[in-house]
1. Just Arg380, Arg138, Arg300 to compare: in a GNM of the chain, with alpha carbon springs under 10 Å, which one fluctuates most?
2. Please report, as a whole percent, how much of the solvent-accessible surface of the range 129-190 comes from carbon and sulfur atoms (probe radius 1.4 Å).
3. Give a quick list of chymotrypsin sites (Phe, Trp or Tyr not before Pro) in the range 63-143 that DSSP marks as loop, anything other than H, G, I, E or B, with at most 11 other Cβ atoms within 10 Å.
4. How large is ³J(HN,Hα), in whole Hz, for each residue of the range 247-261 in order, when computed from phi with the Karplus curve 6.51 cos²θ - 1.76 cosθ + 1.60 and θ = phi - 60°, using x for Gly and Pro?
5. Report ³J(HN,Hα) in whole Hz for each residue of the range 355-370, in order, from the Karplus equation J = 6.51 cos²θ - 1.76 cosθ + 1.60 where θ = phi - 60°; Gly and Pro get x.
6. Per-residue counts of other Cβ atoms within 10 Å, averaged by peptide: what ranking do you get for 332-343, 351-362, highest first?
7. Using the Kirkwood radius over Cα pairs, work out the Stokes-Einstein diffusion coefficient for the chain at 10 °C and 1.306 mPa s, in µm²/s as a whole number.
8. Compute the distance from the alpha-carbon center of the range 315-358 to that of the range 215-260, in whole Å.
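The values are calculated or read from the model by the stated rules, or taken from the named source; none is laboratory data. Fair warning: this is a prediction, and the values are worked out from it, not measured in the lab. Using ideal geometry, Cβ is built from the backbone for each residue, glycine included, and neighbour counts are taken over all protein chains shown. Each accessible area value is taken on the protein alone, full model and side chains, heavy atoms only, with ligands, DNA and RNA left out. Shrake-Rupley method; radii C 1.70, N 1.55, O 1.52, S 1.80 Å.
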Amino acid sequence: IYSCCYLSRRLNQLSSHDPLWKRHCKKYWLISEEEKSQRNQSWKAIFISTYSDLGRYIRYYATLKKAWDDLEKYLGQRCPRMIGSLKESVREEDLDAVEAQIACKLPDDYRCSFRIHNGQKLVVPGLMGSMALSNHYRSEDLLDIDTAAGGFQQRLGLKQCLPLTFCIHTGLSQYMALESVEGRNKYEIFYQCPDQMARNPSAIDMFITGTSYFEWFTSYVNKVVTGGYPIIRDQIFRYVHDKECVATTGDITVSVSTSFLPELSSVHPPHYFFTYRIRIEMSKDALPEKACQLDSRYWRITNAKGDVEEVQGPGVVGEFPIISPGRVYEYTSCTTFSTTSGYMEGYYTFHCLYYKDKFFNVTIPRFHMVCPTFKVSTARMVSGDAETNHNEYAVDEDEDSTDTDEYEDRRRVLDIPAPSGRCPRHT
C-alpha cells in the first residue's frame, strides 16, 4: 500500500511538471512562448483548456493550423487583398447545428479546419485558385459553413454531397461526399461532370481531386506556399510546372506549365481540355544584336493512342513578339484530347532583327498533359444508356486531339458550349 501511495505521489508530481506540458502544447496546439505570456497561464493549464475545446481534433489540428498559418503568411506577402476575405473561426455549436440541418455528419478534419477559419467571403479572387482563357474565367472561393450547408445536395447524382468551393463565374463547385452512395467513397472530393451521352440527368461522372478534406486542403496549400502555383495579377493560378520541362536554344529559354480544366471537359463523350502557359525568355547576358522576332510556330501533338497531329501557323495568340536580352514573353493557349493523356512538342521560328535574312528555330520542350483520376456514373450502367464499365479511367478513345491558340479563342470562346464542346481545329 505504501509503495502504491508513493507511486501515486510521484505520478502526481510528474504530471504537474510544467516543462512536460510545454512540449505537448507546442506539438498539438502550436502554442508559442509569446502566446503563453499573453495568456498568463501555466503550460498545463493551457493544454487542458485547449484540449477541452479542440480535443476531438488532436489528430489534425497542428497540421491544419500550420497550413493556414503558412498560407496566410505567404498570401500576406504576395496577395494581401485575399487575406481580407478570410472569415473568422466558427464554434462547435455552429458545426453541430449544420449537422442537424443537413442530417449528416461532417468529418472531423473538415470541422477542425473551420474551427481555424470559416472559409472566405464570396469574392474574386478565390482562395482555391483561378484559371483564365480569353473570356473564360474561373476563380474558386472556399465556402463558409453556412453557404456550404445551403448548397448541400440530395438530388440524384449528387446525393449527400457538400460543396466545398464555388466559382461565381462558372457555377463550378468541388464537392465532398458525406456518405458512400452512388459509387462514391465517403469523404471523396470531386468536380461533377454531367454525362452528355446519357438520357438520365442523374448520370454524373466525377473528376477526383482528393480522398479526404485533410489531404485535399494541405496538399493544395503546400503547392501554393512552395511556389508550385504562380501568382499572377494578385491571385493564385493553378498551373503546374514540371522543372524538367525547359529547353534552351542559344540564348532563348522556353518553359511550359499546364492545367486541366474540368469545367470544359467531359468523360462521355471523351473530351479532355487542357491549358498551357508558355514562357519565352532571352538571357540578359545575350548580345544586343541577338534581338529577334517570332514568326511562326510548329506543333507535334501525340495522344495516348500514339496518333500524331502536326500543326503550323503564324505567330502565337495573334502576336509576333520581339525578344531582346533580359526580356520575357508569356502567353496562354489550350488543346483538347479525346484520350486521357497526351503530349505536345515543337519549335518556334524566329528571324534576327539585325540580320533580317537570318532565321532559326527555338525548341519547345515536350510537355505532358494527364487527366486526373475519374469515376464513371453508376446511373449510366443502371439506365442502360450505354455499355460502360464502372471503373476509374473508363473512356472511349476514338477521336483526334486539337490544338488552338488564344487568338482563335478570342473569336470562339463566347460560343463555348457545355463540356461536350470542342476546340476548333487550327487552320
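1. Among Arg380, Arg138, Arg300, the largest mean-square fluctuation in the Gaussian network model of the chain belongs to Arg300.
2. Heavy-atom surface of the range 129-190 belonging to carbon and sulfur, 1.4 Å probe: 45 percent.
3. Sparse-neighbourhood loop chymotrypsin sites (Phe, Trp or Tyr not before Pro): none present.
4. 9, 10, 10, x, 9, 10, 10, 10, 10, 9, 10, 9, 7, 8, 10
5. Rounded to whole hertz, the list is 10, 4, 8, 9, 10, 7, 9, 10, 5, 9, x, 5, 10, 9, 10, 10.
6. Listed from highest to lowest mean packing, they are 332-343, 351-362.
7. 65
8. Here the answer is 18 Å between Cα centres.
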